[in-house]
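First the structure, in the form of structure tokens, and then the observations on it.
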Amino acid sequence: GGGGREEGGEKGAAEARPRKVIEDPYETAAKTASGVVASGAGKTGGLYMPPYKLAQMMSGVDDKASAQYQRMTWEALKKAINGLVNKVNVSNIKAIVVDLLKQNVIRGRALLVRSLMKAQGASPNFSRIYAALLAVINTKMPEIGELLVKRAVNQFNRAYRRHDKVVCNGVVKLIAALVNQQLVHELLALQLCILLLETPTDDSVETVVTFVTECGAALAEVSPQALNSIFERLRSILHEGAIDKRVQYMIEGLYAVRKSNFADYPAVLPELDLVEAEDQITHEVSLDEQLDLEETLDYFTFDPDFEANEAAYVRVRREILGDDSDSESGDDDDDDDDDDD
């Protein structure tokens, strides 16, 4: 109701921006706060848009190249990606990968990366599942894997500088899972441990123990010398005795895990071993390099070549999945677990 009244009162303003577009409410808030858009923009007025309503509105738009239609497809893409990522588990991961590839994940690569990182942040113990899913997509579209690796490294650096132990411990589980899937070079693992053990604190040593527990098996295989150097450093920290008893016990526990050859912590579980080693594309990212996080990809932008790019993705999809991939994946039931960021 309010929107109509506003349009009547501001005829000139309405003509200045003739196309009203659907806007994600959180996005609107962020952009309004940063001054990117004027407040009050957005067709849904900051309200939640149910998927069926979105589909209805999309079918009512004739101009498939219009900004309005493009934004609607962007919202639908975000919903579909979030719904699939929220559903993934060990038993359905192969089907979820196929359904994700049916979506234009090149256009929505930052949406997929954000969705995976948000899900992982909420459930760090599922890191291996999210890394396995990314490992498959990375073999086809390495730019997606690289973007997530860069953002994970950035997230670790920020959490480390802020002494945010919870985020630190969560994100090292993700980085460990990326090392295990050979998505990221093991040099990063070594750099991370060196940084954390340079001036050891209870928290930093605990983070290393978490990290090495998760990816020690992979490091033992690809870089045993690096792993030895980490354990030597931990041994000297133990002898210095400056850290809390609880953390000393954790180091001793890690030595026991190593003695068992990480039997309880294999690098990759058989059911998540979905990629041949020679097919994997490993990204070399360093802790101290300037990283381009490509944050503009997180937001809707008008694409003058939208239809050509959509057609190009259909060709890519057919190449990866075969011609029968044209039947739309059923993602109408994803609206219930869509907790947009």
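The values are calculated or read from the model by the stated rules, or taken from the named source; none is laboratory data. Predicted model only: the values in this text are computed from it and were never measured. Cβ placement follows ideal geometry from the backbone for every residue including glycine, while neighbour counts extend to all protein chains displayed. Quick note on the areas: whole protein, heavy atoms, side chains included, nothing else; ligands and nucleic acids left out. Shrake-Rupley method; radii C 1.70, N 1.55, O 1.52, S 1.80 Å.
Do we find a residue being assigned to a helix (DSSP H, G or I), of a type outside the set (A, V, I, L, M) and at pLDDT 95 or above anywhere in region 284-295? Checked against the condition, which is being assigned to a helix (DSSP H, G or I), of a type outside the set (A, V, I, L, M) and at pLDDT 95 or above, region 284-295 yields at least one hit. Across region 253-271, a minimum of one residue is classified as assigned to a helix (DSSP H, G or I), aliphatic (A, V, I, L, M) and closer than 25 Å to His163 by Cα. Of note, Arg317 satisfies the criterion of being open to solvent by less than 60 Å² (accessible area, probe 1.4 Å) and either modelled with pLDDT under 95 or among the charged types (D, E, K, R) (or both).
Is there a residue in region 74-94 that is over 30 Å from Tyr265 (Cβ atoms) and either in contact with a Lys or Arg (Cβ under 6 Å, 6 or more places away or on another chain) or modelled with pLDDT under 95 (or both)? No, region 74-94 contains no residue that is over 30 Å from Tyr265 (Cβ atoms) and either in contact with a Lys or Arg (Cβ under 6 Å, 6 or more places away or on another chain) or modelled with pLDDT under 95 (or both). Take region 136-191 and flag every residue that is closer than 20 Å to Leu274 by Cβ, open to solvent by 50 Å² or more (accessible area, probe 1.4 Å) and under 15 Å from the mean Cα position of the chain (by Cα). Matches in region 136-191: Glu143, Glu146. Would region 204-211 turn up any residue that is surrounded by fewer than 22 Cβ atoms within 10 Å (Cβ to Cβ) and under 23 Å from the mean Cα position of the chain (by Cα)? Yes, the conditions are met somewhere in region 204-211.
In region 11-29, the condition of being part of a loop (DSSP other than H, G, I, E, B), at pLDDT 80 or above and farther than 22 Å from Met141 by Cα is met by no residue. For region 256-297, a tally of residues being surrounded by 15 or more Cβ atoms within 10 Å (Cβ to Cβ), farther than 28 Å from Ile96 by Cβ and of a type in the set (Ser, Thr, Tyr) returns 0.
Within the bounds of region 135-149, is there any residue that is closer than 27 Å to Arg318 by Cα and of a type in the set (Asp, Glu)? Yes, region 135-149 has at least one match. Here region 79-96 is the region considered, the condition is being free of Cβ contacts under 8 Å to residues at least 60 places away in the same chain and in a helix (DSSP H, G or I), and the residue that is farthest from Leu272 (Cα to Cα) is Ile81.
Looking at this structure, is Gln155 of a type outside the set (Ser, Thr, Tyr) and on the phi > 0 side of the Ramachandran plot? Judged against the criteria, Gln155 is not a match.
Has region 187-204 got any residue that is in contact (Cβ under 8 Å) with a residue 12 or more places away in the chain, among the small types (Gly, Ala, Ser) and over 18 Å from Val153 (Cβ atoms)? Checked region 187-204: no residue is in contact (Cβ under 8 Å) with a residue 12 or more places away in the chain, among the small types (Gly, Ala, Ser) and over 18 Å from Val153 (Cβ atoms). Put simply, of Ala267, Ala263, Ala277 the only residue that is at pLDDT below 95, closer than 26 Å to Val90 by Cβ, within 33 Å of the chain's Cα centre (by Cα) and of a type in the set (Gly, Ala, Ser) is Ala277.
Matching residues to (1) closer than 25 Å to Ala132 by Cα; (2) in contact with a Leu (Cβ under 6 Å, 6 or more places away or on another chain); (3) part of a helix (DSSP H, G or I):
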residue: Ala55; (1), (2), (3): no, no, yes
residue: Met58; (1), (2), (3): no, no, yes
residue: Val61; (1), (2), (3): no, no, no
residue: Lys64; (1), (2), (3): no, no, no
residue: Tyr69; (1), (2), (3): no, no, yes
residue: Leu77; (1), (2), (3): yes, no, yes
residue: Asp99; (1), (2), (3): yes, yes, yes
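Within region 298-311, being open to solvent by 40 Å² or more (accessible area, probe 1.4 Å), hydrophobic (A, V, I, L, M, F, W, C) and touching a residue at least 40 places away in the same chain (Cβ under 8 Å) holds for one residue alone: Phe302.
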